[in-house]
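The values are calculated or read from the model by the stated rules, or taken from the named source; none is laboratory data. Only a predicted model underlies this, so the values are computations on that prediction, with no experimental measurement involved. Glycine also receives a Cβ, built like all others from the backbone with ideal geometry; neighbour counts cover every protein chain displayed. Note: accessible area is taken over every heavy atom of the protein model, side chains too, but ligands, DNA and RNA are not part of it. Shrake-Rupley method; radii C 1.70, N 1.55, O 1.52, S 1.80 Å.
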Amino acid sequence: MIARKSYALSLVVLLLVCGLLQAQPTQSIGHETEAEKAKRMQWFTDARFGMFIHWGLYALPARHEWVKNRERLTNEAYQKYFDNFNPDLFEPQKWARAAKAAGMKYAVLTSKHHEGFCLFDSKYTDYKSTNTGAKRDLVKEFVEAFRAEGLKVGFYYSLLDWHHPDYTIDKNHPQRMAQKGDTAAYYAQVNKGKDMAKYRAYMRNQLTELLTRYGKIDILWADFSFPSKDGFGKGKDDWGSVELLKLIRKLQPGIIVNNRLNLEEYTDGGDFVTPEQVKPAELTKYKGKSWETCQTFSGSWGYYRDETTWKSNKQLLNLLITSVANGGNLILNVGPTARGEFDHRAISALDSLSYWMHANSKSIYNCTYAPEEYKEPEGIEARLTYNAAEKKLYLHLFDYPASGTLSLPGYKDKIRYARLLNDDSEIFYKPADTGDALQLQLPKVKPPFEVPVIELDLK
Ligand code: GLC
């Protein structure tokens with residue numbers, strides 16, 4: 001009995017130690033100090049809000065960017081999308097203006113997604129926009145348009161490639177094994193003659209093109225790794241991730257790189273973590289790290305005509321505000337149509353964000369989570385953000401108190417001035433009769449914003 005207990009105990013200790021070792025990598029690839037990293041990341045941390053753009057051939061089937069995989073389409077079956085790609089309404093200046101109006105400070109475009117199609121004029125493939133009805137380098141036009149609006153620009157680059165002849169078929173490939181069975185034999189047979197070393201060289205060549213031809217690139221978003229014990233996934237050795245990251249940093253020393261190269265064992269294997277499509281409540285987990293949550297307006301990244309579960313303005317604001325309230329960024333995705341436009345649903349979602357950001361963006365930019373001593377008020381749903389340099393707290397009201405009175409426990413003697421952020425109108429406040437609360441007297445009529453914000457100047 002005792003022996004069994006101590007065995008169980010040592011097992012627990014071992015698991016804990018493994019967990020800790022995993023959580024705290026010690027090796028590094030480069031030599032950057034924490035302070036140097038913070039400086040490199042500064043604009044990103046201040047910006048808080050960006051636009052993701054997933055655009056590729058999958059906009060034509062218009063039923064998810066993984067359509068080739070989901071429907072197990074062969075290259076031949078997928079070819080019709082290449083043959084019919086002709087984005088006659090592509091005007092990236094319009095995209096850039098919409099992003100800027102919505103308050104986004106950077107944009108990341110899929111230069112190549114898992115389907116393998118390149119939106120740029122790569123020397124290393126024919127599977128590119130210049131050989132379609134588009135007849136031009138779309139990445140170049142994207143970069144120029146967004147830069148002209150003063151936004152930072154980044155590239156998404158898919159590590160997966162369902163078109164390249166040397167990319168081996170794995171468990172995420174459209175031509176993966178259909179049924180459980182003799183797995184190893186199946187993959188050995190379908191991958192005969194394929195050479196991942198050639199694919200690694202292809203990626204290096206393409207990333208070199210992307211990082212040398214278009215001026216300063218602010219972000220690289222590599223996607224994604226799926227290492228697996230059975231050997232039918234892919235991870236750092238398949239991509240040559242360490243060498244790839246060194247190359248990326250050599251070509252663009254200031255660049256910010258996401259964490260999907262499977263380099264978790266290195267302290268500098270990625271600059272920020274990327275919680276994908278998580279609920280706002282989960283974002284508290286990331287406090288203290290560098291992070292960016294990536295989210296769609298609806299369920300899919302690529303344009304999906306018949307998808308109807310679009311997030312409401314309140315849900316989108318919740319994601320943005322809750323990200324900042326936990327010290328992170330939000331990158332919100334648009335999937336343009338095959339004609340090259342944002343569809344009316346995306347435009348109206350962006351418009352509603354513009355309306356809110358125009359009046360309230362001070363509670364987003366340069367902000368982070370509030371110091372521990374300031375708590376969210378009880379009884380109503382609210383979220384705090386904080387601008388340390390300005391010594392301002394921003395209280396976001398997801399519910400609006402019917403009485404107009406709002407009690408803030410612990411805030412007595414801490415506040416110098418209070419106002420509504422959207423119009424700078426004064427908010428009266430007084431200490432509560434007992435205790436350490438401060439009582440705010442809000443306007444009886446809710447200000448015309450889904451989530452009104454109160455700005456509190458701290459003493
Ligand atoms: C996933 C999906 C992909 C999407 C990405 C964005 O990894 O494979 O379609 O581009 O997430 O985060």
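Quick notes
- On inspection, residue 263 passes the criterion of being open to solvent by less than 40 Å² (accessible area, probe 1.4 Å), in a loop (DSSP other than H, G, I, E, B) and farther than 17 Å from residue 41 by Cα.
- Residue selected from the range 205-234 under the condition under 19 Å from residue 246 (Cα atoms) and within 16 Å of the ligand (Cβ to nearest atom), by the criterion most open to solvent (accessible area, probe 1.4 Å): 224
- Any hit, the range 318-338, residues being open to solvent by 50 Å² or more (accessible area, probe 1.4 Å) and either part of a loop (DSSP other than H, G, I, E, B) or of a type outside the set (Asp, Glu) (or both): no
- Remark: residue 26 matches the filter, which requires a residue to be over 24 Å from residue 152 (Cα atoms), polar (S, T, N, Q) and modelled with pLDDT under 95.
- Extreme residue, nearest to residue 287 (Cα to Cα), among residues of the range 375-433 that are in contact (Cβ under 8 Å) with a residue 40 or more places away in the chain and of a type in the set (Lys, Arg): 383
- Within the range 426-442, the set of residues being open to solvent by less than 40 Å² (accessible area, probe 1.4 Å) and part of a loop (DSSP other than H, G, I, E, B) comprises 427, 432, 437, 442.
- Of the residues making up the range 112-124, those that are crowded, with 18+ Cβ neighbours inside 10 Å and more than 22 Å from residue 216 (Cβ to Cβ) number 5.
- Scanning the range 184-218 for residues that are within 25 Å of the chain's Cα centre (by Cα) and among the hydroxyl-bearing types (Ser, Thr, Tyr) gives 208, 212, 214.
- The condition of being within 16 Å of the ligand (Cβ to nearest atom) and on the phi > 0 side of the Ramachandran plot holds for only one of 262, 329, 258, 333, that being 262.
- From 138, 160, 151, residue being within 16 Å of the ligand (Cβ to nearest atom), in the same structural domain as residue 209 (by TED's automatic domain parsing) and among the aliphatic types (A, V, I, L, M): 160
- Failed item, numbered, when residue 5 is tested on (1) of a type in the set (Lys, Arg); (2) at pLDDT 95 or above; (3) surrounded by fewer than 15 Cβ atoms within 10 Å (Cβ to Cβ): (2)
- The set of residues in the range 69-111 that are assigned to a loop (DSSP other than H, G, I, E, B), surrounded by 17 or more Cβ atoms within 10 Å (Cβ to Cβ) and among the aliphatic types (A, V, I, L, M) comprises 73, 102, 104.
- Within the range 356-369, residues that are closer than 22 Å to residue 312 by Cα reach partners that are of a type in the set (Val, Ile, Thr) with beta carbons closer than 6 Å, at six or more positions or on different chains, in the pairs 360/453; 363/385; 363/453; 364/324.
- Condition check for residue 202: open to solvent by 50 Å² or more (accessible area, probe 1.4 Å) and aromatic (Phe, Trp, Tyr): no
- Summed over the range 290-321, residues that are hydroxyl-bearing (Ser, Thr, Tyr) and either under 17 Å from residue 337 (Cβ atoms) or outside the structural domain of residue 115 (by TED's automatic domain parsing) (or both) total 6.
- Of all residues in the range 339-350, those that are open to solvent by 20 Å² or more (accessible area, probe 1.4 Å) and in contact (Cβ under 8 Å) with a residue 40 or more places away in the chain total 4.
- Wholly within the range 112-230, helices (runs of 4 or more DSSP H) carrying at least 1 residues that are touching a strand residue (DSSP E or B) at 6+ places or on another chain (Cβ under 6 Å): 138-148, 196-212
- Meets criteria (of a type in the set (D, E, K, R) and at positive phi) for residue 140: no
- Sole residue being within 16 Å of the ligand (Cβ to nearest atom) and farther than 20 Å from residue 156 by Cα, chosen from 97, 70: 70
- The range 276-306, subset surrounded by fewer than 18 Cβ atoms within 10 Å (Cβ to Cβ) and within 12 Å of the ligand (Cβ to nearest atom), residue nearest to the chain's Cα centre (by Cα): 276
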